[in-house]
């Protein structure tokens with residue numbers, strides 16, 4: 001063989017050798033708010049996903065292929081989310097999509113996923129409709145929805161206070177505020193608690209004292225509220241001003257007391273109870289391992305968005321490995337009814353509506369921190385399957 | 001009869017008191033606004049942001065250990081030079097042009113946007129809240145009145161009377177009224193008109209800042225707080241008549257009482273439409289307001 005032929009054969013041989021070592025990555029598109037009001041949530045989503053991806057890649061990837069996350073900023077705007085998702089599906093050709101925060105974005109991206117024959121999951125959105133009346137065969141939810149949070153809280157409240165407890169409702173007058181109040185009221189009344197009054201104040205209301213007269217007259221033992229942000233600071237401060245916090249248990253939505261207003265609330269937030277799907281205090285070996293890794297990598301505590309996003313990667317990995325493929329229909333079949341391990345314990349993806357069933361917790365504010373006060377098992381908290389599309 | 005007195009004592013009275021405390025807050029904001037409009041003919045769209053500035057200054061100084069009572073004097077004093085500068089540097093530049101009304105409105109609107117973003121950049125988007133210096137309350141006539149709100153009504157009344165006194169019974173006040181009535185004549189009589197303008201603007205925003213400090217323990221402090229009362233304040237100014245102190249006090253009281261009492265009978269979301277509906281009616285039938293006229297003429 002002459003020199004040229006030998007080098008030619010050597011070149012071909014080395015080229016043929018390459019594909020065996022360089023595996024085609026599994027691409028997961030992440031459309032999440034990296035700027036704007038929801039950027040802190042997008043940050044947690046990013047941290048959770050990246051940590052899980054790093055761990056999965058370090059242990060051999062998914063079916064031997066590395067996980068590659070492709071991030072796009074949705075600016076907390078459903079219109080932008082749709083465009084970015086379209087780009088990820090058609091140009092980057094991602095195998096799976098996640099990251100949407102706003103419930104509107106999740107629903108819009110879900111429709112896009114159907115058109116592109118791909119699957120998507122949210123790790124944050126908690127509007128019940130996503131796995132309820134607006135469910136989609138291509139959309140999954142690994143986090144707890146609003147109904148589960150209400151159920152967990154109502155369950156704890158019924159055990160704590162008993163049947164016949166008088167509950168007063170105060171919410172902000174817009175869709176989320178009214179829905180959350182309605183959801184909890186249904187859960188409370190189902191557990192034989194009494195509704196003694198309901199009032200909706202305008203969003204951004206300054207002064208709640210005009211409502212205190214009627215509240216006092218109703219003599220509630222419990223106040224349920226779904227206000228948020230500055231409104232919470234004002235409501236709680238004014239309740240305290242008027243001496244109404246004595247003998248009143250205040251409970252409410254998970255978004256009512258957050259790090260945004262905890263500083264302003266100070267001690268008037270103490271005793272506030274809500275229902276959530278994750279707490280850094282969860283005492284399981286998986287959570288302790290997750291906490292340690294998260295804190296070491298990012299020098300911050302994870303919140304439910306970080307934890308649920310972390311769990312998503314493992315969910316996808318388990319499904320693809322069960323299906324032995326990334327083909328959409330095979331993965332969808334594998335995901336239905338799938339059980340997988342997360343920092344919150346084992347979750348099950350309910351086949352009927354693609355909603356994750358998980359244990360929920362009632363947490364209470366004590367000295368500026370949320371402490372777990374009770375656990376509600378998954379099946380009790382999840383609520384009925386109202387999805388009729390598939 | 002018993003049911004009626006009960007209704008008055010336990011429902012109407014506390015509701016009217018709540019309306020009164022909100023009314024005092026609105027009047028304090030609106031006083032500065034009506035003075036600035038009455039004299040300078042300037043629609044200060046950044047007035048709410050000066051209210052916020054006062055509150056933020058209060059929070060900053062309080063965190064350094066300044067006592068609340070000292071803040072009530074210190075914050076307005078600090079806002080005086082700020083207001084003076086804004087008038088000299090910004091408003092006077094467009095004051096002598098033909099489209100003064102439009103230009104000053106746009107200018108102050110832009111200033112408001114810039115100030116709000118500066119608050120967000122300097123203090124972050126989270127809510128802040130200073131502690132209330134007067135905790136607890138008193139039982140009076142079967143109703144609970146928080147001490148701090150009683151204090152608010154008291155200090156609000158004192159401030160309103162003091163402002164009226166300054167405008168109508170002091171030499172400075174007479175210079176202000178003269179300049180409002182006839183700028184050129186006043187100047188030819190030796191009134192330092194430009195300085196009077198800037199001082200009056202400074203005074204107006206200092207009042208806004210004072211209300212910011214006074215209200216922060218019950219309404220909290222956050223970057224968009226300038227929008228809380230500003231619409232009510234403008235409505236009170238329009239209802240009472242631009243430039244009239246008596247008018248803005250009456251206007252503020254009437255509007256807040258209507259808002260407070262209406263929430264007893266209709267859903268709270270109707271509060272704002274009712275108030276603005278009144279404003280529209282007033283502008284329709286009596287555009288100069290109840291006591292409309294130049295500053296100090298009413």
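Laboratory data are not the source of any read-out in this text; all were calculated from the coordinates shown. Predicted model, so just to flag it, every value in this text is computed and none were measured. As a convention, Cβ positions derive from the backbone with ideal geometry for all residues, glycine included, and neighbour counts pool all protein chains shown.
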When region A:24-78 is reduced to its Cα atoms, the Kirkwood hydrodynamic radius in Å: 11.8 Å
Ranking of B:47, B:101 by count of other Cβ atoms within 10 Å, fewest first: B:101, B:47
Antiparallel bridge percentage (DSSP; both residues within the protein assembly as shown; nearest 5): 40 percent
Reciprocal of mean inverse Cα separation for region B:115-202 (Kirkwood radius, Å): 17.2 Å
For region A:148-276, Kirkwood radius (reciprocal of mean inverse C-alpha pair distance, Å): 14.4 Å
Order of B:22, B:218 under a 10 Å beta carbon neighbour criterion, fewest first: B:218, B:22
Residues A:135, A:387 arranged by fewest to most Cβ contacts within 10 Å: A:387, A:135
Rotationally averaged projected area of region B:226-298 (alpha carbon convex hull; nm²): 4.8 nm²
Average Cα contact separation per residue, chain A, under 8 Å, 6 or more apart, as relative contact order %: 17 percent
Centre separation in Å (Cα based) which lies between region B:263-292 and region B:41-112: 27 Å
Gain upon complete extension [residue B:135, residue B:158; 0.36 nm per residue less C-alpha separation]: 6.2 nm
q = 0.07, 0.12 Å⁻¹: log10 I(q)/I(0) that the Debye formula gives for the protein assembly as shown, counting C-alpha atoms only: -0.58, -1.23
Spacing of the two label points (7 Å from each Cα toward its C-beta) at residue B:3 and residue B:60, in nm: 5.8 nm
Taking only Cα atoms of chain A, radius of gyration then Dmax in Å: 23.7, 103
Potential extension, residue A:194-residue A:284 segment - 0.36 nm per residue separation minus Cα distance: 28.8 nm
Cα long-axis angle, helix A:285-298 against chain A (0 to 90 degrees, to the nearest 10): 80 degrees
Label-point gap, in nm, between residue A:23 and residue A:214 - each point 7 angstrom along Cα→Cβ: 6.2 nm
Cα-Cα pairs of chain B separated by more than 25 Å (percent): 49 percent
Peptide B:122-134, shielding by other chains (average Cβ, 10 Å cutoff): 4
Expected 222 nm ellipticity per residue - DSSP helices of 4 or more, -39500 (n - 2.57), all of chain A, to 500: -14000 deg cm²/dmol
Calculated [θ] (222 nm, deg cm²/dmol) that DSSP helices of n ≥ 4 give over chain B, each run adding -39,500 (n - 2.57): -24000 deg cm²/dmol
Listed residues A:373, A:91, A:222, most fluctuating in chain A (Gaussian network, C-alpha, under 10 Å): A:91
Computed FRET value (nearest 0.05) for residue B:147 with residue A:117, which takes r as the C-beta separation and R₀ as 51 Å: 0.15
Residues of region A:287-301 with amide N under 16 Å of a point placed 7 Å along Cα→Cβ from residue A:369: A:288, A:291-292, A:295, A:300-301
